[in-house]
Structures are given as structure tokens and as C-alpha cells.
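Reading through the C-alpha cells given below for one structure.
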Ligand SMILES: [Zn+2]
């Protein structure tokens, strides 16, 4: 009996009974590198890692910033060299041209410099099944917005397509814009569902700012509200490379 109690005690100690509580993926687009690095202090405080999707030329300065974020445990993803809308571009110039001009220049420099890339975020969230198929040749995870799986009159916690319970080897995520004047209660209800169902829930924003500003940016206090609630729910807050 004594040994049984000891065994149970050890199992609890080592988290054998720990229930997984879902994963929150916070993602940020474009190239607000200084602000992203500045926010690292906040992420660290909550043991949180994010994914940063970089658009534009990756020069030495950009590379150094990406390395710094990666060294801090965050994931780096790509967001196209010229931020070109993929389906429109493909229609005009073809798939090979998009991959050659928008993807490979960024991907090659990252590969050469040991920046691990597994994810791509669609510029303007514009995609179709053909573009998914093409991108999955170079990426494991794709992110678009949630418009295709969530109508405006439905709250996020009811949008089933935003909750991914079993992440596939090649997975498309529908992200929710947790930026600007998002409703904290709506976001919290969705996080609660993700925690209960052990699902991955993806949010996206662009810059991280002192005060709430443009609709696609998130302010520090809003980010902290999300991180605090995720901790309360004991959610994992991780970059896409960790999925
Ligand atoms: Zn963008």
C-alpha cells in the first residue's frame, strides 16, 4: 500500500496525469522586427513562444533580427518576398513564377543561415486548394484568416474550423484577428474551448504597440490579457515549429 501511494505520488509529480490543455499559436505578420523583439520580454514572462511571418527582403539586418527571435525560442515563418496575393499572381504568371519569385528568395537565405522554416502565412489571406498544394511542397503549415470557416454573425468559439485537434503533417490553419478592437470575451471563450478540447487555436496580428491603434495591431495590454488567460487555462503557447 505504501509503495502504491509512493508510485501515485511520483506519477503526479512527474505529470503522468497531466491533462493537455490545448495550444495557442500567436502569429505576427510583415516586418515589425524592432517591436517584435521589444515584446520578447513579455513573451518570456509567460513562457510563451510566437511565430513571426516575415515579408520583404531578408538582408543582413533582417537576418540578425530573425536569428535573435529564433534564439529566443520563437518560430520564423515566411510571408512572401513582395507580399503578392498568390491566387491572382498565379493566374497571371503561373505557379512556378510565384514559387520562384516570392518564396525561394526568402527560403534560400533562411536555409543558408540556419533559420528553420516550416510555416507560411498567405499575404492578404488569399488562397485556394491549388496554392495550398504548391506551398505544401516547401512548408508543413499554412495560415490564412478565418473568413472561410467563420461567418461574421458567429462567435469564434462556435467556428469549428478554427479548432484543430489533430494537427496533420500538412495543415492549413484558419487564424483569428486578435488585434485592434477585438472582443476579449469572444477570444477568451474560444481559448476556453481550445483548452477543453486540447485543440490548436491560431490568432494573428501585425505590430505590437503601446496603445491600441490600427485594426491589425495588438497593444501590449491586450497581448498580456491573452497571455494571462492562456496561463490560467494552462494552455501551451508555442510557435508553429513546435507543433
Ligand atoms: Zn501581410
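Any read-out appearing in this document is the output of simple, stated calculations on the displayed coordinates, not a laboratory observation. If you're wondering where the values come from, they're calculated on a predicted model, not measured in any experiment. Because the Cβ atoms are built from the backbone with ideal geometry, glycine has one as well, and the counts that use them run over all protein chains shown.
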Over the chain: Kirkwood hydrodynamic radius from C-alpha pairwise inverse distances, Å: 18.7 Å
Segment residue 168-residue 138, length gained on full extension (0.36 nm per residue, minus Cα span): 9.3 nm
Ratio Rg/Rh, restricted to the range 41-111 and using Cα atoms, in which Rh is the Kirkwood radius: 1.08
Residue order, fewest to most beta carbons within 10 Å, for 150, 169, 91: 169, 91, 150
For the range 122-243: Kirkwood Rh in Å [reciprocal of mean 1/r, alpha carbons]: 15.1 Å
Ranked 86, 95, criterion: other C-beta atoms within 10 Å, fewest first: 95, 86
Folded to 0 to 90 degrees: helix 60-71 orientation relative to the chain principal axis, Cα: 20 degrees
Relative contact order (%) - the chain, alpha-carbon pairs under 8 angstrom, separation at least six: 27 percent
Using alpha-carbon coordinates, inclination of helix 2-13 to the longest axis of the chain, degrees: 30 degrees
The chain: angle of helix 184-197 to the longest principal axis, Cα-based, in degrees nearest 10: 70 degrees
Relative contact order, percent, the range 34-131 [alpha-carbon distance under 8 Å, six or more residues apart]: 31 percent
Exposure proxy order (Cβ contacts within 10 Å, fewest to most) of 51, 155: 155, 51
